[in-house]
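All remarks here apply to the structure that follows.
Just so it is clear, none of the values below were taken in a lab; they were calculated from the coordinates. Treat the numbers as computed from the prediction; the structure is a model and nothing was measured.
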Amino acid sequence: ITDTGSSAQTITKGLLAAKGLRLELPARFTAFKTITGGSYDKWIEVDTTSKRLYAYEGTQLTRTFLISAGAPRTPTVTGHFAIYSKTVSQDMRGADYFQPNVPWVNYFYKDYAIHGNYWRPGWYFGSINSSHGCVGMTVGDSVWIYNWISIGTPVIVHTPLIKYFSVFTPDGLRVKNL
C-alpha cells in the first residue's frame, strides 16, 4: 500500500461511523524471486517484519532468533546476499552514531551486518526494529550465529507481503486470505 496515512484515516472514519466500508487501496507491487533452501548446505533467512532470523541446514530449520533490524528511516536492505566478512569485534560509526566494540560481526552486503547488540535491552529483540540497517541480536545469539556460519553462507533478507487483509461489512468482520 503506497499511501498508508490517508488509507488508515479513511478506514478509521469508516469504522467509527459503524457503516460498511468499500475502499480501493493504492498499491505498488514488487517482483519477487523464489529461493529454494534445499539448494544450500546452510543459509539464513531474515524476516524484518516478524523480527526473526532463521538458520537452516538444507530445508531443515535449525534455530530461530529474535532480532532488531533497521528502523523505518534506516531499513535493512532486502535481497539475496552472502556473508563476505567476519570479525569478532569492531567499532561501528555512521553520520549520527558511534558504537564501540560491536561483537560477533558478520557482513553480508556493503556495511550491513548481522551482529551482537549489547546496548539494547533484551525485550527490543523481536519487538522493535531500531538499527541503522544492520540485523542486531543478543550477544549470546550472535555468538552462535558467528560460529555456525562461514564466508559464503547465503543470507536472504525480506519484508513479507501482508498475508491477510480485513474486510469490514455491515454484518461484521471477515478476514480473507490473500
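At-a-glance table
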{"quantity": "Kirkwood Rh in Å, taken over all unlike Cα pairs in region 57-145", "calculated": "13.4"}
{"quantity": "Fully extended contour minus Cα-Cα distance, from D91 to K110, at 0.36 nm per residue", "calculated": "5.3 nm"}
{"quantity": "Phi to ³J(HN,Hα) by Karplus 6.51 cos²θ - 1.76 cosθ + 1.60 over region 142-147, Hz, x for Gly, Pro", "calculated": "5, 4, 4, 4, 4, 6"}
